[in-house]
Amino acid sequence: PFWLKQDGSVTSIALLSFISIIASARQAYARRMFSLFEIMVPQNVANRRGSSRSGPTETLIFVDVDGVLNVGVFDQGNAPVAFNQTNLQLALKLEGQNNILADRIRSVAGMEVEGEHATYEKFLAGPGDLSQVLVGRLAQLITQAGSSCSVVLSSSWRKPKHAKRVQTLETCIGTQLGRPFKFDDRTPLNEEAGGAMDRLQVLGDYTETFCHKRKGKAVNVRILVLEDFCVTPLSGKVSNGGCGFLNLPLGLKCQGVSIHSHEAAERYLISRSADSSAPSVRIIHTYDAWTTDQGLSVAVGTGLTMKHFCQAQQFLDGR
């Protein structure tokens, strides 16, 4: 009761202190329970994130588009906003007019990207909301994966209403590859109103079916996931929609499993294989967030930056 003022309200400092105490307790509980989970998972499953095994290898690449092949800017309560020329020009015109979204877009434009020696303007999307730099990097990964590779569209672009956009994307990828390209498959059109964890479950469902079809065959399966998870952190650190971030470590759950890191998400996908010969899995989580000097929180689906691109390459190299 002492957290409440006499008029029944709660001071912001008291509320934040209360949240901090609860978050710390939940985080400690999460670490304990996840340690128990790791003990129960066989070592030949738990450690197969990028292991190199003998025998033929088949590669599955899940491709998200928004936040992977372009940059998406988080907009509280709405779909992420594409970082393209039109939106950037509008944001520049709205400077000084107290428009939060415009302020975020301008911050993205001026933010230096790790490993790029450039700002996010390097990835500014052109027609079709695609960055040719990022599409080119996807094409390189497809080539590196080799001929035994299935490329699956897991983006919201898989919906029928985006058919023309997908055709444009396939043409762009084909141009980069120097050969015609079509996605080998699409994940099911399940409802994903729950955002990141619904997307992860869809990936898990597809992984289960994919691995089941190969059960008993002498083939190694490796799964590369290129995904921003709807501009959502997997660490439990989420924007409060205003000028800061809150730590809610148990905020993300997929089918009852707490997801507090991309490694935890990888282990979830491995568990869905339902096979003692578990796949190697690597999630390339294209997400970043920062707070501006003015205290404004900014979160983005970064696109396949050089840092993420190199991580994907290392996985395909067996490292």
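Run down G55, G67, G77, G96 and say which single residue is among the small types (G, A, S) and crowded, with 20+ Cβ neighbours inside 10 Å.
Answer to the check: G67.
Taking G136 as the residue in question, decide whether it is open to solvent by less than 30 Å² (accessible area, probe 1.4 Å) and touching an Asp or Glu at 6+ places or on another chain (Cβ under 7 Å).
No; evaluated as a whole, the condition is false for this residue.
May I ask you to list pairs of residues, at least six apart or on different chains, whose Cβ atoms are under 6 Å apart, with the first in the stretch 297-319 being in contact (Cβ under 8 Å) with a residue 12 or more places away in the chain and the second being open to solvent by 20 Å² or more (accessible area, probe 1.4 Å) and part of a helix (DSSP H, G or I)?
Cβ pairs passing all conditions: V298/S107; L316/Q144.
Do we have any residue at all in the stretch 219-228 that's of a type in the set (V, I, T), surrounded by fewer than 16 Cβ atoms within 10 Å (Cβ to Cβ), out of contact with any helix residue (DSSP H, G or I) (no Cβ under 7 Å at 6 or more places or on another chain) and at negative phi?
yes
Looking at K164 and the list (1) free of Cβ contacts under 8 Å to residues at least 12 places away in the same chain; (2) over 19 Å from N84 (Cβ atoms), which single condition is not satisfied?
Among (1) free of Cβ contacts under 8 Å to residues at least 12 places away in the same chain; (2) over 19 Å from N84 (Cβ atoms), the lone unmet condition for K164 is (2).
What's the total number of residues in the stretch 160-186 that are of a type outside the set (G, A, S) and more than 21 Å from D129 (Cα to Cα)?
The number of residues fulfilling the criteria is 3.
Which ones in the stretch 64-97 are closer than 13 Å to F123 by Cα and of a type outside the set (A, V, I, L, M)?
Scanning the stretch 64-97 gives D66, G67, N70, G72, F83, N84, Q85.
From S131, S156, which residue is buried (at least 19 other Cβ atoms within 10 Å of the Cβ) and among the polar types (S, T, N, Q)?
The unique qualifying residue is S131.
Which residue pairs have Cβ atoms closer than 6 Å, lie 6 or more positions apart in sequence or on different chains, and pair a first residue in the stretch 91-102 that is under 13 Å from V298 (Cα atoms) with a second residue that is open to solvent by less than 80 Å² (accessible area, probe 1.4 Å)?
Listed by first residue and then by second, the contacts come to L101/D75; A102/A91; A102/L94.
I'd like to check something: does the stretch 286-307 contain any residue that is crowded, with 23+ Cβ neighbours inside 10 Å and under 16 Å from V221 (Cβ atoms)?
no
Among the candidates A118, A125, A145, single out the residue that is buried (at least 16 other Cβ atoms within 10 Å of the Cβ) and free of Cβ contacts under 8 Å to residues at least 60 places away in the same chain.
Answer to the selection: A125.
Could you tell me whether any residue of the stretch 48-63 is of a type in the set (D, E), in contact with a Lys or Arg (Cβ under 8 Å, 6 or more places away or on another chain), outside any strand (DSSP E or B) and at pLDDT 85 or above?
Scanning the stretch 48-63 turns up no residue that is of a type in the set (D, E), in contact with a Lys or Arg (Cβ under 8 Å, 6 or more places away or on another chain), outside any strand (DSSP E or B) and at pLDDT 85 or above.
The values are calculated or read from the model by the stated rules, or taken from the named source; none is laboratory data. Since this is a predicted model, take the numbers as computed values, not measurements. Neighbour counts are summed over all protein chains in view; Cβ atoms, including those assigned to glycine, are modelled from backbone coordinates with ideal geometry. These area figures cover heavy atoms from the full protein model, side chains too; ligands, DNA and RNA do not enter into them. Shrake-Rupley method; radii C 1.70, N 1.55, O 1.52, S 1.80 Å.
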